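Written below as structure tokens is the structure these notes are about.
Values in this text are rule-based calculations from the coordinates and carry no lab data. Not measured: the values here are computed from a predicted model.
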Amino acid sequence: MARPEVLERIQSAESEAEEVIAAAEADREERIAEARQEADEIRESAQQEADELEADRLEIAREEIDARREEILEEGEAKREALEAEAEDRIDDAVDVAIERFKAEITGN
């Protein structure tokens with residue numbers, strides 16, 4: 001093989017190697033970009049799921065708070081009614097005692 005042919009083959013091999021390297025680098029960059037895009041999508045999806053879960057938990061907590069609030073209000077209303085009834089009974093008793101004392105004063109007993 002002549003020297004010019006050897007040089008030409010070497011140059012050709014170097015050129016092919018450079019093309020292979022360039023293609024590999026381009027492929028690598030493309031794969032990295034795809035991986036980053038996929039990671040971003042996974043991150044966004046996870047964030048959306050977390051936001052939905054948080055909203056669901058908040059809704060459940062609000063419902064529980066509202067239910068407990070209603071229980072407390074009902075208990076308070078029942079206690080108020082019981083206290084009113086007791087107070088009315090005491091008023092009636094106090095009126096009866098006052099009338100008896102008044103009668104006793106009038107009759108002298």
Pairing the Cα long axis of helix 3-107 with the longest principal axis of the chain, what angle in degrees results, from 0 to 90 and rounded to the nearest 10? 0 degrees
Take the Cα pairs of the chain, get the Kirkwood Rh, then feed it into Stokes-Einstein at 25 °C and 0.890 mPa s and tell me D in µm²/s. 103 µm²/s
In deg cm²/dmol and to the nearest 500, what is the mean residue ellipticity at 222 nm of the chain if only DSSP H runs of at least 4 residues count, each as -39500 (n - 2.57), divided by the residue total? -37000 deg cm²/dmol
For a quick check, take a GNM of the chain with Cα springs below 10 Å and name the residue from Gln37, Gln48, Gln11 with the largest mean-square fluctuation. Gln11
